[in-house]
Amino acid sequence: MEQETLRTMRVHAEDIFRSCLTAVDPYEAVRRHVRIEAGRLIVGTENRIEAALELKRYRHIYLVGGGKATAPMAAALEELLGTSLHKGLVNVKYGFGQKLAITEVTEAGHPVPDRNGVIGTGKILRLLEGAREEDLVFSVISGGGSALLPQPAGNITLSQKQEITRMLLSCGAAIDEINALRKHISLSKGGQMARVAFPATVVNLMLSDVVGDRTDVIASGPFTADASTFHECRDILDRYDLADIPASIGAYISAGVEGRIPETPKSGDPVFDHVFHLVVGSNIQALEAAEQRAAAIGYRTLLLSSMVEGETREVARVHCAIAKEILSTGRPLPPPACVISGGETTVTLHGQGTGGRNQEFCLAAALDLAGVSPRVVILSAGTDGNDGPTDAAGAVVDPFTVARGRAVGAHARRHLRENDAYPFLEKTKDLLKTGPTRTNVMDVRLVLVG
């Protein structure tokens with residue numbers, strides 16, 4: 001009976017998660033926020049219009065962008081604009097591409113940038129350089145865009161950018177810290193695409209994968225004023241004791257600190273006078289969909305936050321504590337309960353294993369749930385379908401997960417110690433695999449208590 005209850009709850013967890021993906025479908029997100037009425041391009045919602053542009057004013061309409069979700073975003077604009085769209089170029093992660101009628105899609109490396117990304121970004125910059133005041137540029141930006149739009153600055157090479165990206169990922173740096181560095185060693189980020197496109201009009205549509213939906217952080221803000229500085233970059237390197245970075249990167253950042261290299265464009269710069277920004281999809285929309293679906297199934301719901309950050313294992317411990325409190329006292333809500341959270345945690349690497357932050361969250365949670373009443377299921381997954389450098393979005397665990405591993409010779413604590421969640425969860429059959437979802441609004445975590 002216990003096993004049957006858990007099986008049902010695991011099905012519910014996956015069902016709820018998939019409702020999140022439907023809610024943040026990038027194609028639908030763009031179509032909800034961009035429309036044409038009587039020859040005018042309307043950008044925004046009925047309650048808040050960001051821009052109303054007379055299409056006949058524009059000589060050419062271009063489309064550029066980068067990120068895991070940008071192919072379907074481009075598809076939505078192609079359908080809307082038809083033959084009015086002159087040319088399009090977007091960079092996506094390998095496996096996230098699709099055939100489009102007008103837009104050229106370049107598949108490239110993520111999270112570590114590669115040569116394809118540089119080639120695709122070079123094409124985008126050359127297209128923007130040719131834009132004039134009488135042109136309109138659509139920018140479609142989503143999570144992953146920072147790695148997918150690489151254009152090394154100065155004497156910095158692609159391999160050196162790859163090296164510092166790996167160092168930042170492994171030291172536990174937050175995404176906004178990583179992006180601050182990326183902006184300042186690149187020619188395509190931190191508002192620099194807006195500088196290149198000026199004086200054209202730009203409509204910048206973003207699918208957010210960052211806590212708080214900060215437009216300057218989403219994909220390192222190619223068309224957004226940059227609040228970070230070269231001084232901040234130097235502080236980040238010092239904070240994580242990254243003394244062994246490539247010499248060319250260190251020299252470039254030092255030159256920026258000393259004022260020998262111009263800063264990225266800041267708020268108030270005229271290059272942003274005709275740039276319109278709109279976030280068309282975000283983590284909170286995914287969580288609200290989870291809330292609605294869970295309630296429809298029969299769970300009482302509590303949406304904690306879309307802004308959860310911190311060390312993955314500690315965040316897992318807090319979520320397990322909430323589950324135990326529900327079991328013990330019925331607070332903060334009685335079972336059947338579904339507690340929902342989002343955001344993006346970080347993993348400080350101590351081992352050489354395989355996994356991602358969601359799998360590590362689930363393995364840490366499984367250890368904390370071992371021996372608890374078999375009425376708890378926990379899911380943690382990335383909405384892009386790829387957790388770390390793996391083919392899993394995340395995992396679904398329960399109080400028997402650790403025992404299932406032990407039965408096949410896998411030791412949960414050892415795997416957690418080595419940041420090796422994927423092999424363990426593969427053996428316990430707890431991995432959640434969706435394939436590339438072509439969307440990306442951070443992570444979703446579900447705690448179900450029956």
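Every number here is computed from the coordinates shown, using simple stated rules; none is lab data. As the structure is a computational prediction, the values presented were derived from the model and not from experiment. Reconstructed Cβ throughout: ideal geometry from the backbone, glycine too, with neighbour counts over all protein chains shown.
At each listed q (0.15 Å⁻¹), what is the log10 of I(q)/I(0) that the Debye formula gives for region 1-78 modelled as equal alpha-carbon point scatterers?
Values returned for q = 0.15 Å⁻¹ are -0.68.
Over region 165-235, how many percent of alpha carbon pairs lie in each 5 Å bin up to the one with the longest distance?
Bins of 5 Å from zero give 4, 17, 26, 25, 17, 7, 3, 1 percent of pairs.
Pulled fully out, how much extra length does the chain show between V408 and N155, if you take 0.36 nm times their separation in residues and subtract their Cα-Cα distance?
Between V408 and N155, full extension yields 85.9 nm more.
For a label point 7 angstrom out from the Cα of R126 toward its Cβ, which stretches of region 90-106 have the backbone nitrogen within less than 16 Å?
Those under the cut-off are 90-91, 104-106.
In whole Å, how far is the Cα centre of region 295-347 from that of region 374-420?
Between the Cα centre of region 295-347 and that of region 374-420, the gap is 17 Å.
On a full-extension model of 0.36 nm per residue, what is the gain between Y94 and K56, subtracting their alpha-carbon distance, rounded to one decimal in nm?
Computed gain between Y94 and K56 is 10.0 nm.
Could you rank the peptides 365-372, 331-338 by their average count of other C-beta atoms within 10 Å per residue, with the highest value first?
In descending order of packing, they fall as 365-372, 331-338.
I need two numbers for region 1-149: Rg to one decimal and Dmax as a whole number, Cα atoms only, in Å.
18.7, 69
Where the centroid of each part is defined by its Cα atoms, how far is region 272-293 from region 84-128 in Å?
23
Among H86, V64, L21, flag the residue with its Cα farthest along the positive direction of the charge dipole of region 1-92, charges on Cβ as +1 for Lys/Arg and -1 for Asp/Glu.
H86
Just to verify a number: FRET efficiency for V112 and S254, C-beta to C-beta distance, R0 = 25 Å, to 0.05?
Calculated value: 0.55.
With 10 angstrom as the radius, rank Y252, Y94 by how many other C-beta atoms surround their C-beta, starting from the fewest.
Fewest to most other Cβ atoms nearby, the residues stand as Y94, Y252.
So, R0 is 45 Å and r is the distance between the beta-carbons of S328 and T22; what FRET efficiency does that work out to, to 0.05?
According to the calculation, E is roughly 0.85.
Using a Debye calculation, one point per C-alpha and no hydration shell, please list log10 I(q)/I(0) for the chain at q = 0.07, 0.09, 0.14 Å⁻¹ in order.
Treating every Cα as an identical point scatterer, log10 I(q)/I(0) equals -0.36, -0.59, -1.23.
Which of the aspartates and glutamates could a cross-linker span from K324 if the Cα-Cα distance has to be under 13 Å and same-chain partners fewer than 8 positions apart are dropped?
D368, D398
With the radius of gyration and the Kirkwood radius both derived from the Cα set of region 344-418, what is their ratio Rg to Rh?
That ratio is 0.96, to two decimals.
By a straight-distance test (C-alpha under 23 Å), which lysines pair with K266 as possible cross-link partners, with residues fewer than eight away in the same chain excluded?
Within the straight-line limit of under 23 Å, K266 reaches these lysines: K183, K189.
Only Lys, Arg, Asp and Glu count, each charged at its Cβ (+1, +1, -1, -1), so figure out the dipole size of the chain about its Cα centre, rounded to 20 debye.
Dipole of the chain, to the nearest 20 debye: 700 debye.
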